[in-house]
Every structure is written in C-alpha cells, then in structure tokens.
C-alpha cells in the first residue's frame, strides 16, 4: 500500500514537472568576430503547449527592442538573422553594433509554469586597424625619448607590442641580452615606449603592433637614429660667435673716436656776417641802428 502511494506521488510530480516550460542555453556569454555568424542558443527543455509564443529582445544601454516578434525578424537584425527551430537565434554577418544582451522569452499558456526566459550576453570582437605610430627620427646620446602607438577601432581594447629590428621589445630589458643595456619603460595598455636615457644600442627600426582577441595590425617601420653630441664643435661655435661680436664692438668704438657718428650743431648765438659788396663798406650809426655805406677806393 505504501509503495502504491509513493508511486502515485512520483507520477503526480512527474506530470506537474511536464506542465512547465523550461529553457536552457549552451552558452550565455558567446562571442564572435566581426562579419562572422553566431548562434544564440535557446533550447526548450520541457513544454506541454504545442505552439508556444517565442520572442527575442535586444537590450542595449538599458533599452529593450524587439528582434523576433510575431514570427518575424525585426529591428536592426532584419534580413541579417533567422530562427533555428525551435527557438535559437542565428545572427548572420555580425557587426560591432550587435554587441548587447539578448533575451529569449517563451510563453506556454497550457503549461502550469507558462513562462520562462534566458539572458545571453553577446560580444562582437573587432580587429584593430593599423595603429598611428610616432617615432623620433634622431635622438642625441644621453637624452630621453618617447615612442607612441594608438588605435581606437578595435574591440575589446587593444594592447600594444613594440619591435626593434623585428625583435619584440620585452617589458623588462634585463630579460633579454639584446636589450640588456637599454633603459626604458613599456606601457602595453597605452602603447608608449619611453627611454629615460638613450644609448647608441637603441638605434634601429621600430614598429608597433596593436592586438586583441580578434586579431592584430601593425604600422610601418620607422628608423630612429642615435648620435653623439659634438662638444668640441659646440665650444668652437660659441668662440666664433664671441669673436665676431668682439670685432663688431671694437669697430663701433673706433668709428666713434674718429667722428664718423658725430654731427655738426648750430647754436642761436652764431652770427654769420653778410657778404660785402666790392668797394662798399657798411657803417652802423649809433642813433638809428641803420647802416650807411661809404665809398672806398682801392688803388
């Protein structure tokens, strides 16, 4: 009798479980490279309703929108997606704009548990484009230098590698005999290679690689020359400038002494007597202050 009651209870429990829609997925965090296809699996594990209502919604920035509704593909996936029976969503030619959360919803009116849903987070990986690289053309020995590498299109965010003469620049220069004498810091997230003190061994052709899970891209090699500072030439140049300035100064002083820069000045007290006519003398009278002339004959 007890066994019969237990069997009935198990049968009743089995019937109740059957009257519930239950969904499952093979992968709730899939990824795909851009322009490839991806299937978002939504499998119905158990259901009693023969024709359940199936819907897909895309949730981006907190805003839901229909992807599959009333047995038709809708929204920005129209003509780029299809349903694989019974409920999986296949996205064709995925783009970076397809990165979002997708929700599979199944309604089964004839089931005791009439609704179930699964949330799937899709990531579309984008290969980096050719990075923008900046390498100084020439650097004096003993000075600092900084190399830059950057690109903005890759997703997820790119990490960077630097190469010198086709050899990868290690994060720690002491880990490689070819870079042991170099003094630099490498930031793989920002793409900067900074030399605190440049040495002759640091000269060469440098290029950068931007890399993420979707692939990588490289910029063209750029040559960096390292030259010695000519101290003797600098001192000689300074001496030449000093001598030239000294000669100019001495020349200006000599010109002043010889009067080349002096000017003749007229004062208000200078009086220039009028020219005398031939045979005529002018005499000033005391009363009127006028001039009168007297005749004089020269024999």
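Details
- Maximal additional length on extending the residue 176-residue 46 stretch stands at 40.8 nm, based on 0.36 nm per residue less the C-alpha distance.
- Short-range pairs are left out: with C-alpha atoms under 8 Å and at least six residues apart, the relative contact order of the range 19-125 is 39 percent.
- Neighbour-count order for 217, 107, fewest beta carbons within 10 angstrom listed first: 107, 217
- Computed lengthening from residue 53 to residue 253, 0.36 nm per intervening residue step minus Cα-Cα distance: 61.4 nm
- Descending Cα extents along the principal axes, the range 25-182, whole Å: 82, 29, 25
- Segment residue 119-residue 246, extension gain: residue separation times 0.36 nm, minus the distance between their alpha carbons: 37.2 nm
- Computed label-point distance, nm, for sites residue 129 and residue 90 using a 7 Å Cα→Cβ extension: 3.2 nm
- Counting other Cβ atoms within 10 Å as a rough exposure proxy, the listed residues 207, 68 run 207, 68 from fewest neighbours to most.
- Taking the number of Cβ atoms within 10 Å of each Cβ as an exposure proxy, the fewest-first ranking of 38, 91 is 38, 91.
- Using R0 = 51 Å, the C-beta based FRET efficiency linking residue 66 and residue 238 works out to 0.05.
- Summarising the label geometry, the points placed 7 Å from Cα in the beta-carbon direction at residue 137 and residue 168 lie 3.2 nm from one another.
- Convex hull volume of the Cα atoms of the range 21-90, normalised per residue: 109 Å³.
- FRET E, pair residue 150, residue 228, Förster distance 51 Å, beta-carbon r, rounded to 0.05: 0.95
Values in this text are rule-based calculations from the coordinates and carry no lab data. Bear in mind the structure is a predicted one, so any value in this text is a computation, not a measurement. Cβ coordinates were reconstructed from backbone atoms using ideal geometry, including for glycine residues, and neighbour counts include every protein chain displayed.
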